[in-house]
Amino acid sequence: MKHWLTHIVVFFLTSTLVGQSDSQFTELFIKAENGDAYAQNNLGGVYYTGDRVEQDYVESFKWFRKAAQQGYPPAQRNLGMLYEEGLGVRQNFEKAFKWYRKAAEQGLAQAQHNLGEMYIWGLGVEQDYVEAFKWYREAADRDHPDAQFKLGEMYAVGSGVKQDYVWAYTWYAISAAGGIYDGRANSIAIEKKMTKAQVLEAKRRANKWVLKKSSRKPR
């Protein structure tokens, strides 16, 4: 079964450097050298993207690892990504899984989604659909649209969880509200297998979720 590499979402903030003088980069570098995990992760991001410096995955790996070893979740996730992709370091799914898990256990939604992917494809760990479902759900609860879509898929076919078209529709609809195009298409497709009462219940659950989450966002 082919593993489709997850969409690369890197957690670093380099926007403060764009369009500014080299002194900004120097300041970031000094903070990183002095052990600031946030700066180390951002510096890893600068080397990863090649923003203001020559792109260098080895240097990116170096700085992500320094921050990750300090327990900084975004850097742990980024380090896992480099191990998974084999960028700046020899590809190693076991180590990718290790670092994803460290970040996931600290509540980082993207890492939780990555961990679900590792379990569902059996990369660096024994394939386990139940564990995959568990971590997708953790990420979905933190508003990760891709994880929400995956829950819809798993409920639709009964993978890692009992088949349930109502919950499949619900999660597809929630992911669609989060910007996943296929969420809408899949909810329409699965609706053909449901009763009118089931569709109404699924829509009620999805609307309740979306309204609850939107009410928590600052205005």
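Between E27 and E94, the simple label model (points 7 Å from Cα in the Cβ direction) yields a spacing of 4.4 nm.
Taking a ≥ b ≥ c as the square roots of the Cα gyration tensor eigenvalues, with a/c under 1.5 meaning rounded and otherwise prolate when a/b beats b/c, else oblate, which class fits region 101-157? Here region 101-157 falls in the oblate category. Looking at the square roots a ≥ b ≥ c of the eigenvalues of the Cα gyration tensor of the chain, which shape do they give, rounded for a/c under 1.5, prolate if a/b is larger than b/c, or oblate? It is prolate, given that a/c is not under 1.5 and a/b is the larger ratio. The H on the amide N of Q106, modeled in the peptide plane, is under 5 Å from the matching H of no residue at least 5 residues off or on a different chain.
Among the lysines, which fall within straight-line cross-link reach of K134, defined as a Cα-Cα distance under 24 Å, with same-chain neighbours fewer than 8 residues apart omitted? Here the lysines satisfying the reach criterion relative to K134 are K2, K95, K98, K102, K150, K162, K203, K208, K212, K213.
Taking Cβ atoms as reference points and 13 Å as the exclusive limit, the residues near S60 contribute a net charge of -2, counting Lys and Arg as +1 and Asp and Glu as -1.
In plain terms, the chain from Q163 to V130 could stretch by 10.6 nm, reckoned as 0.36 nm per residue minus the Cα-Cα distance. Over the residues of the chain, the helix contribution to mean residue ellipticity at 222 nm works out to -21000 deg cm²/dmol, using -39500 (n - 2.57) for each DSSP H run of at least 4.
Placing unit charges on each Cβ (+1 for Lys and Arg, -1 for Asp and Glu) gives the chain a dipole about its Cα centre, and among N78, F149, V58 the Cα reaching farthest toward its positive end belongs to F149.
A crude spin-label estimate for the pair A197 and T49, with each label 7 Å from Cα along the Cβ direction, gives 5.2 nm.
Taken together, the values in this text are just the output of simple stated rules run on the coordinates, not laboratory data. Quick caveat: nothing in here was measured; it's all calculated off a predicted structure. Using ideal geometry, Cβ is built from the backbone for each residue, glycine included, and neighbour counts are taken over all protein chains shown.
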